[in-house]
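Chemist: Structure provided below as structure tokens; questions to follow.
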Amino acid sequence: MSEWVSGRWSNLHNSDVWNFWNDKKFHGLVHGLKHESGVVNDQPLLDYMRSQINPAGKYGEGRRSIVAATSANTGEEVVYNSEDIPFEDWAQAVVSSASIPFVFPSQHFRSDLLMDGGMCSWGVNPAITV
């Protein structure tokens, strides 16, 4: 397992994680500030995670996993485990956990607006960061 994860990380590029909104550097950043909840678009990360975490892949169903995010609705930590959510939603939960406020957009997942799971431990009120 650790070799598989290490191999994914060593081959990961910025373009696999984010791009500028509208594919334009300055105008994309402005667009992110004015119209999105993050300055860069993390759709490439969601696409990458969906391609890597799949039942047919090496990292598939049957592995117990846990991911934490912060609910912008309540300011509380939300924890999902592999038994709570359908496997096909797992990539979205992971990206929600990695949504650093102002950098990556908050993620709508189930009934919550989610952001980085560390927000609770930072003592930041998520309601003012969105």
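Chemist: Run the numbers for residue 110 and residue 47: contour at 0.36 nm per residue of separation, minus the present Cα-Cα distance, in nm.
Modeler: 20.8 nm
Chemist: Follow-up. Would you calculate the separation in nanometres between label points at residue 35 and residue 22, each defined as 7 Å from the Cα along the Cα-to-beta-carbon direction?
Modeler: Spacing of the two 7 Å Cα→Cβ label points: 0.6 nm.
Chemist: Hey, another quick one. Explain nothing, just compute: Karplus ³J(HN,Hα) = 6.51 cos²θ - 1.76 cosθ + 1.60, θ = phi - 60°, for every residue of the range 25-41 in order, whole Hz, x for Gly and Pro.
Modeler: So the J values, rounded to whole Hz, are 4, 5, 5, x, 5, 4, 4, x, 5, 8, 10, 10, 9, x, 6, 10, 8.
Chemist: Full-extension gain between residue 79 and residue 3, please, as 0.36 nm times their residue separation minus the C-alpha to C-alpha distance.
Modeler: Values: separation 76, 0.36 × 76 = 27.36 nm, distance 2.59 nm.
24.8 nm is the gain from fully extending residue 79 to residue 3.
Chemist: Another question, if that's okay. Multiply the residue separation of residue 64 and residue 15 by 0.36 nm, subtract the distance between their alpha-carbon atoms, and state the gained length in nm to one decimal.
Modeler: Details: separation 49, 0.36 × 49 = 17.64 nm, distance 2.86 nm.
Using 0.36 nm per residue and subtracting the Cα-Cα distance, I get 14.8 nm.
Chemist: I'd like the accessible area for residue 111, computed on protein heavy atoms only with a 1.4 Å probe and all protein chains in place. Round to 10 Å², please.
Modeler: My reading of the accessible area for residue 111 is about 100 Å².
Chemist: Amide H to amide H, which residues 5 or more places from residue 103 or on other chains are under 5 Å from it, using H placed in the peptide plane?
Modeler: HN-HN under 5 Å from residue 103: 39.
The values are calculated or read from the model by the stated rules, or taken from the named source; none is laboratory data. Computed from a prediction, not measured in an experiment: that's the story for all the values here. Cβ coordinates were reconstructed from backbone atoms using ideal geometry, including for glycine residues, and neighbour counts include every protein chain displayed. Heavy atoms of the whole protein, side chains included, go into the accessibility calculation; ligands, DNA and RNA do not. Shrake-Rupley method; radii C 1.70, N 1.55, O 1.52, S 1.80 Å.
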